[in-house]
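The values are calculated or read from the model by the stated rules, or taken from the named source; none is laboratory data. Everything quoted here is computed from the prediction, not taken from an experiment. Reconstructed Cβ throughout: ideal geometry from the backbone, glycine too, with neighbour counts over all protein chains shown. These accessible areas exclude ligands, DNA and RNA; they are computed on the full protein's heavy atoms, side chains included. Shrake-Rupley method; radii C 1.70, N 1.55, O 1.52, S 1.80 Å.
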Amino acid sequence: MALRLGPLKLPWLGGKSHGDDPYWDFFINKPPADTANTVTEMIRKAAEGNVFPTKTELHSPEITSTHVKGMAEYFGAELVGVARLNPEDNGGGEIYPFAVICAVHADDEPRTSPGIGGQVPVQNGLFITVILSAWLRELGFRATAAPDPNAEKLAARAGLGTLNSEGRLVTPRFGSKVHVANVIRTDLPLAPDG
C-alpha cells in the first residue's frame with residue numbers, strides 16, 4: 001500500500017532549502033542573548049584536571065597514535081591527525097612535542113554564523129578535545145586543549161588537507177566546510193602524520 005499524503009507537505013521529507021525560513025536564519029545567524037548560558041561557554045570554562053601520577057605502559061608511538069585517533073573518532077572527530085611541534089609552535093609556554101588536531105564537518109562557517117546552530121561545529125570540537133585531553137591525562141601524560149590561531153596550519157602539517165590562498169584548510173572529504181577544533185598539545189609519545 002503506497003503512502004499518499006495528498007495536499008499535506010512535510011518539509012523535512014522534501015529536502016526543502018532553508019533559505020526562506022526566518023527561524024532557520026535566526027538559529028544560524030543570531031547570537032544568543034547571553035553566551036554564558038551556552039554549552040559551548042560552559043565547556044570552555046571547565047577545569048582541565050590533573051595528570052595521573054603513574055604513566056600507563058604504551059605500545060609503539062605508531063600504535064599509540066592509532067589508539068588516540070580511534071578515541072577521537074569515537075568521540076565524534078571526523079578528521080584526526082598528529083603533528084610534531086617546533087619550539088615556535090609552543091608560543092613561549094610549556095614545551096610539548098606533539099599536537100593532536102581534530103576537525104569536524106561544518107555546514108555553516110562558525111566565524112560568520114554566530115547563532116547556536118552556526119556554532120554546532122565549535123561545540124562538537126570542544127567536546128571532543130576536552131574529553132580526549134582528559135583521557136590523555138588519565139594515561140599519565142600532560143595534555144592541554146586550547147584555541148590556536150595556527151590550528152589550520154597545524155592541521156595541514158598533520159596531513160588533514162592543504163591550505164588555500166586565504167590560509168584556510170581545505171580537505172579532500174569536506175572541502176573548506178570544516179572546523180578545526182582546539183589543538184591538543186601533549187607529551188604522549190606519538191608518530192606524526194603528514
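So how much slack lies between M42 and E57, counting 0.36 nm per residue of separation and subtracting their Cα-Cα distance, in nm? Please report the intermediate quantities before stating the final value.
Values: separation 15, 0.36 × 15 = 5.40 nm, distance 3.32 nm.
Taking 0.36 nm per residue and subtracting the Cα distance, the gain is 2.1 nm.
For the chain, what is the mean residue ellipticity at 222 nm derived from helices alone (per DSSP H run of n ≥ 4: -39500 (n - 2.57); sum divided by total residues; nearest 500 deg cm²/dmol)? Spell out each step's value before the answer.
Values: 6 runs with 59 residues, N = 194.
Estimated from H runs of four or more residues: -9000 deg cm²/dmol.
Using the Karplus equation 6.51 cos²θ - 1.76 cosθ + 1.60 (θ = phi - 60°), what ³J(HN,Hα) coupling, rounded to whole Hz, does each residue of the stretch 22-39 give in order, writing x for Gly and Pro?
Once θ is set to phi - 60°, the couplings for the stretch 22-39 become x, 5, 5, 4, 4, 4, 8, 10, 9, x, x, 5, 9, 5, 5, 8, 8, 4 Hz.
So for the chain, considering every pair of alpha-carbon atoms, how many percent are separated by more than 24 Å?
46
Just the accessible area per residue of the chain, please: how many Å² with a 1.4 Å probe?
Value returned for the chain: 60 Å² of accessible area per residue.
Once the convex hull of the C-alpha atoms of the stretch 102-194 is built, how many Å³ does it hold per residue, rounded to a whole number?
Values: hull volume 8.7 nm³, N = 93.
Per residue, the Cα convex hull of the stretch 102-194 comes to 93 Å³.
Which value, in Å² and to the nearest 10, is the accessible area of M71 when all protein chains are kept and the probe is 1.4 Å?
Ignoring ligands and nucleic acids, M71 comes out at about 50 Å².
Hey, with R₀ at 30 Å, roughly what FRET efficiency would F26 and R173 work out to, going by the Cβ-Cβ distance, to 0.05? Display every interim value, and only then the final one.
Numbers: r = 30 Å, r/R0 = 0.99.
Computed FRET efficiency for F26 and R173 comes out at 0.50.
With r as the distance between the Cβ atoms of D107 and T35 and R0 = 25 Å, compute the FRET efficiency 1/(1 + (r/R0)^6) and round to 0.05.
0.75
Residues of the stretch 74-108 with the amide nitrogen closer than 18 Å to a label point 7 Å from the Cα of E166, along Cα-to-Cβ, please.
Once the point is set 7 Å along Cα→Cβ of E166, 104-108 turn out to lie under 18 Å by backbone N, inside the stretch 74-108.
Could you go through the stretch 173-178 in sequence order and give the Karplus-derived ³J(HN,Hα) for each residue, using 6.51 cos²θ - 1.76 cosθ + 1.60 with θ = phi - 60°, rounded to whole Hz, and x for Gly and Pro?
Result, ordered by residue: 7, 10, x, 8, 8, 9 Hz.
Counting residues in the stretch 43-119 as N, plug N into 2.2 N^0.38 Å and put the Cα Rg over that result.
Taking the Cα Rg and dividing by 2.2 N^0.38 Å, one obtains 1.39.
Quick one: net charge of R111's neighbours, Cβ under 13 Å, K/R +1, D/E -1?
Local net charge: -2.
Over the chain, what percent of the accessible surface lies on carbon and sulfur atoms, probe 1.4 Å?
57
Order of 32-41, 115-124, 165-174 by packing, highest average Cβ count within 10 Å first?
Order by mean packing, descending: 115-124, 165-174, 32-41.
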